[in-house]
1. Where the second residue is open to solvent by less than 10 Å² (accessible area, probe 1.4 Å) and away from ligand 3 (no atom under 11 Å from the Cβ) and the first is aromatic (Phe, Trp, Tyr) and lies in region 46-70, which pairs have Cβ atoms under 9 Å and are six or more apart or on separate chains?
2. State all residues of region 98-135 that are open to solvent by less than 50 Å² (accessible area, probe 1.4 Å), in a helix (DSSP H, G or I) and within 16 Å of ligand 3 (Cβ to nearest atom); if no residue qualifies, say none.
3. Let me confirm something: among Ser248, Ser243, which residue is at pLDDT 95 or above, crowded, with 21+ Cβ neighbours inside 10 Å, closer than 30 Å to Phe157 by Cβ and not hydrophobic (A, V, I, L, M, F, W, C)?
4. When region 237-268 is examined, which residues are found to be aromatic (Phe, Trp, Tyr) and free of Cβ contacts under 8 Å to residues at least 60 places away in the same chain?
5. Output the residues belonging to region 294-340 that are in a loop (DSSP other than H, G, I, E, B) and open to solvent by less than 90 Å² (accessible area, probe 1.4 Å).
6. Search region 45-62 for residues being under 16 Å from Arg198 (Cα atoms) and within 13 Å of ligand 3 (Cβ to nearest atom), and hand back the single one that is surrounded by the fewest Cβ atoms within 10 Å (Cβ to Cβ).
7. So the check is Cβ under 6 Å with 6+ separation or different chains; which pairs have a first residue in region 170-184 that's on the phi < 0 side of the Ramachandran plot and a second one that's polar (S, T, N, Q) and open to solvent by 10 Å² or more (accessible area, probe 1.4 Å)?
8. What's the number of the condition Leu191 fails, among (1) closer than 21 Å to His325 by Cα; (2) of a type outside the set (Asp, Glu); (3) open to solvent by 10 Å² or more (accessible area, probe 1.4 Å); (4) in contact with a helix residue (DSSP H, G or I) (Cβ under 8 Å, 6 or more places away or on another chain)?
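The values are calculated or read from the model by the stated rules, or taken from the named source; none is laboratory data. Just so it is clear, the model here is predicted, and its values are computed rather than measured. Here the Cβ is made from the backbone with ideal geometry for all residues, glycine too, and neighbour counts use every protein chain on show. Quick note on the areas: whole protein, heavy atoms, side chains included, nothing else; ligands and nucleic acids left out. Shrake-Rupley method; radii C 1.70, N 1.55, O 1.52, S 1.80 Å.
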Amino acid sequence: YDYGTMSPSMKVCLELLVRTSRSFAAVIQALDEELRGAVCNFYLVLRALDTVEDDMSIPNEVKVPMLKNFHHNLLDPDWKFMDSKDKDAVVLQEFPHISKEFRALPEKYRDVIWDVCAKMGNGMTVFLERKVDTLEEWDEYCHYVAGLVGIGLARLFSASGLEESSLGMDTALANRVGLFLQKTNIIRDYLEDLNDDRIFWPKAVWSKYRPDIGDFAKPEYQQEALACLNELITNALELIPSSLHFMSQLHNQSVFNFVAIPQVMAIATLERCYNNPKVFSGVVKIRKGEAVRMMMGSSSFDKVKAIMKHFVVQIKARIPESDPHSKQTHSLCQKALSLC
Ligand SMILES: O=C(O)CO[C@@H](C(=O)O)[C@@H](OCCCCCc1ccc2ccccc2c1)C(=O)NCCCCCc1ccc2ccccc2c1
Ligand SMILES: [Mg+2]
Ligand SMILES: [Mg+2]
């Protein structure tokens, strides 16, 4: 970076990026110059929107219009929100710096960020009133908060000229790339979300095993908890072919690293969570050393396929005979391995 020529608001944005994202700050900063500012702003704008969604101290009658109209704040140099209690409240307090950087971006990037922000904000309100019930609604919610990010990123990559224009046109594929990350987060964060009285596990699935999702945290219901966990992980494993297909189309090294590292971290997380009772007593995180090794080893498609293969083999090797979805899990592992 050339800190000397960087505008004061860009300096603030870089600090906000590093402060609000352990997992994305490094890979965003490593993007080629042409994309870095746009993707950094895309992240901060959506993190600010998500901070409104996540802030349980904001009542729904205030939150709904705030989310629906959030994208208009991008054009208001003075807009900020000082009353958030969320862990990332700082992005709402410093929003004038974020919106200033947005307005300085080329129009082709502003159009993508504006469009995704509007659609995500509107989508979030849909699930403020009602919980995620069916697997279709699980896909719908994840589309709003992460699928749209994948679609927006693919459009930014194509618009930059660093990737083919066809990438930005296959919205169904880019959507699935985002779903893979969000479903992994939701599966991993069972206990954290339960403690916040937030449920993102689809009710149509967990209610097959227990009438109250809180029961999974009780040792006497460990079998039901693991069966539900394994079913949701199996659902997420369906997305591996799309993840690989998306990555196979990337030509720019910095874009490849940016896409591959979160995907590799996701399959590693799913493997750590599979049939693991610790999901219900704490948060299963990848150790820093292991994460660094994976980041270093994700620089080419062949290397990423080797890492994917490693984790899918681990899952396949420990599918319990008694698990109600063992056949689906086994055949999805086979399918994924055939592509690695
Ligand atoms: O509050 C938290 O800390 C976690 O919030 C989760 C939640 O509230 O569900 C949840 O908030 C979702 C709404 C805001 C999305 C913000 C975002 C995230 C990553 C980005 C990466 C690059 C550019 C823009 C990005 C925007 C969250 O952060 N989930 C993490 C998984 C979603 C990642 C989105 C995504 C999708 C496709 C991608 C493809 C390639 C590289 C990164 C990708 C990143
Ligand atoms: Mg959040
Ligand atoms: Mg959220």
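1. Correct list of pairs: Phe70/Val45; Phe70/Ala48; Phe70/Cys117; Phe70/Gly121.
2. Those that are open to solvent by less than 50 Å² (accessible area, probe 1.4 Å), in a helix (DSSP H, G or I) and within 16 Å of ligand 3 (Cβ to nearest atom): Val116, Cys117, Met120, Gly121, Gly123, Met124, Thr125, Val126, Phe127, Leu128.
3. Only one candidate qualifies: Ser243.
4. Correct list: Phe256 only.
5. Passing the criteria: Gly297, Ser298, Ser299, Ser300, Arg318, Ile319, Pro320, Asp323, Pro324, His325, Cys340.
6. Here the residue is Met56.
7. Taking only residues 6 or more apart or on different chains, the pairs are Leu173/Ser242; Arg176/Ser242; Thr184/Thr269.
8. (1)
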